[in-house]
Amino acid sequence: MGSAAASRRAAGLGLAIIAAGGLVACSSSSGGDGAPATAGQASAGGTYTIWDPYPQHDKSSDWVKLLESCGTQAGVTVERTAFDTTDLTNKSLLAAQQGNAPDVLIIDNPVISTLAEAGVLTTTEESRLDTSAIAPNLLAAGQIGGKTYGVPIGANTLALYYNKDLLKKAGVDITSVKDWASLTAALAKVKAAGKKGITFSAIGTEEGSFQFLPWYWGSGANLTKLDSPEGVSAVALWADWLKKGYAPNSVINNTQTTSWQEFAGGDFAFAENGTWQLAAAAKLKFGHGTIPVPAKAGGTAPAPTGGEFVAMPVQKDTARYATSQKLVTCLTSTANSLATTTALSYVAPTEEVRTEQVAKNPDLKVWVEAVGAAKGRTSDDLGTKYPKISEPMWGAVQAALSGSKSPQQAMAEAQAAAAGATQ
């Protein structure tokens, strides 16, 4: 990385470490193995470090076996360390500050902008990582100022799970649910039948923003104008559902886990949740299915992308980049992407592998559609501005759902706060 980037790195790391906590929410590459133009020839053998946010995968897991296999193919030993997502962000920033960053870093996509702004990461141009096959909407989460930092390993997102048995008893045809009006009509029928309509997570954290964004973006709103008529209509939709008893007051404190538990009890017609619940869904004691979150006027709403990027941190010894590039390319290659995304319950970032996923599991078709319409929270070049917008937004949703403020007032105050924080 050039001297300007190095200077930015030195200046930005301290502030980035402080700010990183607010960012955390909840691929295929066929590039060659040539070394970047800035790198010399990597030494044969040696140990290369990889940090990831998957502590649930131990040494016996397919994930760790893939890491070791990629190391073997590159002619090196891989030393893997797993952290939880928040801890990984802070550890990465501190390691860069101390000059001992890992060779390969697998990091939650909203954090990419923080690390990139601090000068921690190499660009794909510097690292020669091929991103040509990656879906543009997924790659956008790792792009800041026209540069790309890493390769998405896969994506998860949100859709609506529904209870087939309950909807049948309520006289609801799921194919009729195409927009906000038809969904709300379905919820009214469910309530009239003596059951509960929809559950979701509106907790006052990034998790709440993550769940609100499909409705917000589905209204046609933009994150730079929280109090637009479109944005206000999204908050009003949720608030109206609570007032009419279509959604429970518990959503104000629900996490995505507790929301799922409500749905799994069998009394709710719909639940907004993610691909990570597919294994749990298979164990439900009632018939179920999924549909994309509908946009206000119909079609699929853009849901936020979850998932990680595989990136290469800046190293003093640039000769290491050539081997690091081989490791990243192995992890994100078409040959390994299907196994990786299956293990992580992700949708692949390339069309080729998504087609394979659906062929093996037709139930993934809805999720592939949802990921195809999804967008990154830091996209539209928001970068590190996003968490400064997200926090007042989730606060506004909480205020409107609790009834302490009208949707208009809540979003107007949120916009003022966000504008002041992002100037």
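The values are calculated or read from the model by the stated rules, or taken from the named source; none is laboratory data. This structure is a prediction, so every number in the text was calculated from the model and none was measured. Neighbour counts are summed over all protein chains in view; Cβ atoms, including those assigned to glycine, are modelled from backbone coordinates with ideal geometry. Heads up: the accessible areas ignore ligands, DNA and RNA and are worked out on the full protein's heavy atoms, side chains in. Shrake-Rupley method; radii C 1.70, N 1.55, O 1.52, S 1.80 Å.
The rows are residues; the columns are (1) open to solvent by less than 40 Å² (accessible area, probe 1.4 Å); (2) in a loop (DSSP other than H, G, I, E, B).
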| site | (1), (2) |
| --- | --- |
| Gln277 | yes, no |
| Gln315 | yes, yes |
| Ala322 | yes, no |
| Leu331 | yes, no |
| Asn336 | yes, no |
| Thr342 | no, no |
| Pro349 | yes, yes |
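Exactly one residue among Ala396, Ala374 is outside the structural domain of Ala140 (by TED's automatic domain parsing), more than 23 Å from Ala135 (Cβ to Cβ) and open to solvent by less than 50 Å² (accessible area, probe 1.4 Å), and that residue is Ala396. For the residues Leu166, Leu187, Leu139, Leu183, the requirement of being touching a Phe, Trp or Tyr at 6+ places or on another chain (Cβ under 7 Å) and not in a loop (DSSP other than H, G, I, E, B) singles out Leu187.
Just one of the listed residues (Gly266, Gly231) is in a loop (DSSP other than H, G, I, E, B) and modelled with pLDDT of 95 or more, and it is Gly266.
Within the range 376-397, residues that are under 9 Å from Ala418 (Cβ atoms) reach partners that are open to solvent by 50 Å² or more (accessible area, probe 1.4 Å) and in a loop (DSSP other than H, G, I, E, B) with beta carbons closer than 8 Å, at six or more positions or on different chains, in the pairs Ile389/Thr224.
Every condition in (1) more than 20 Å from the chain's Cα centre (by Cα); (2) modelled with pLDDT of 90 or more holds for Gly31 except the one numbered (2).
Here's the yes/no breakdown for (1) surrounded by fewer than 22 Cβ atoms within 10 Å (Cβ to Cβ); (2) part of a helix (DSSP H, G or I); (3) modelled with pLDDT under 95:
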site: Val78; (1), (2), (3): yes, no, no
site: Thr86; (1), (2), (3): yes, yes, yes
site: Gln97; (1), (2), (3): yes, yes, yes
site: Ile106; (1), (2), (3): no, no, no
site: Val111; (1), (2), (3): no, yes, yes
site: Thr114; (1), (2), (3): no, yes, yes
site: Ala133; (1), (2), (3): yes, no, yes
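Among the residues making up the range 378-423, those that are in a loop (DSSP other than H, G, I, E, B), modelled with pLDDT under 95 and not β-branched (Val, Ile, Thr) are Ser379, Asp380, Asp381, Leu382, Gln423. Residues that are β-branched (Val, Ile, Thr) and more than 22 Å from Val366 (Cα to Cα) were ranked within the range 236-275; the one that is least open to solvent (accessible area, probe 1.4 Å) is Val251.
Pairs are defined by a Cβ separation below 7 Å, a sequence spacing of at least 6 or placement on different chains, a first member in the range 334-361 that is more than 24 Å from Tyr54 (Cα to Cα) and modelled with pLDDT of 90 or more, and a second member that is among the polar types (S, T, N, Q) and open to solvent by 20 Å² or more (accessible area, probe 1.4 Å); the pairs so defined are Glu352/Thr334. Is it the case, given these coordinates, that Ser406 is touching a helix residue (DSSP H, G or I) at 6+ places or on another chain (Cβ under 9 Å) and not assigned by TED's automatic domain parsing to the domain that holds Asn90? Yes.
Of all positions in the range 245-253, none carries a residue that is closer than 21 Å to Ala170 by Cα and assigned to a helix (DSSP H, G or I). Every test in (1) touching a Leu at 6+ places or on another chain (Cβ under 7 Å); (2) open to solvent by 10 Å² or more (accessible area, probe 1.4 Å) is passed by Asp179 save one, and that test is (1).
Pick from the range 208-222 the residues that are in a loop (DSSP other than H, G, I, E, B) and closer than 26 Å to Tyr161 by Cβ: which of them is most open to solvent (accessible area, probe 1.4 Å)? Here the residue is Gly220.
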